[in-house]
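Heads up: the structure comes next, in structure tokens.
Nothing in this text is a laboratory measurement; each read-out follows from the coordinates by a stated rule. All of these numbers come straight from a predicted model, not from anything done at the bench. Note: ideal-geometry Cβ built from the backbone for every residue, glycine included; neighbour counts use all protein chains shown.
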């Protein structure tokens, strides 16, 4: 079975709320990069956009997958602290959560482009709607950041910007799910 793994402590409270409510509340979507970085054997001065290659979505609508915490970096059967997401020995069960958070069904997959400019600030471009641009103060963005477990659109954009440099617009896949 395919798995979707998480490790960002910023969204841990929403992820745990999702698990506890069978994904009716809290986090019930994720945004993942839609490209692979191209590794060059010889350094060639290319613009960053030329060092990315599109990749297909990892999941399809209707697929059943597992939601996990630290899939690759922790042993099978691990339990983690609800406060900080770290694996400790001898943690009381009421303060802990399991590595496997549950099984879900993917209900929706679509692509977006996240970017940032001095003039526009952070924005999201929607290829499914003729590349319509929505700003971080829109209903669509409210829905996007809340389902992804962030406290605000600004927090979400800052998190993605710190990891992927949104000054160069980047494509992402949005995966939404429901509990089984």
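Would you work out if the chain is rounded, prolate or oblate? Take a ≥ b ≥ c from the square roots of the eigenvalues of the alpha-carbon gyration tensor; rounded if a/c is under 1.5, else prolate when a/b is larger than b/c, oblate otherwise. Cα axes put the chain in the prolate bin. Listing 123, 175 from fewest to most neighbouring C-beta atoms within 10 Å gives 123, 175.
Here the residues 104, 109, 9, ranked from fewest to most Cβ neighbours within 10 Å of their Cβ, fall in the order 9, 109, 104. Fully extending the segment from residue 58 to residue 25 would add 9.5 nm, taking 0.36 nm per residue of separation and subtracting the current Cα-Cα distance. In this label model, residue 94 and residue 135 are separated by 4.8 nm, measuring between points 7 Å along each Cα→Cβ vector. Taking 0.36 nm per residue of separation and subtracting the current Cα-Cα distance, fully stretching the chain between residue 3 and residue 142 would add 47.4 nm. For region 3-179, averaging the sequence separation of C-alpha pairs within contact (under 8 Å, six or more residues apart) and dividing by the residue count gives a relative contact order of 30 percent.
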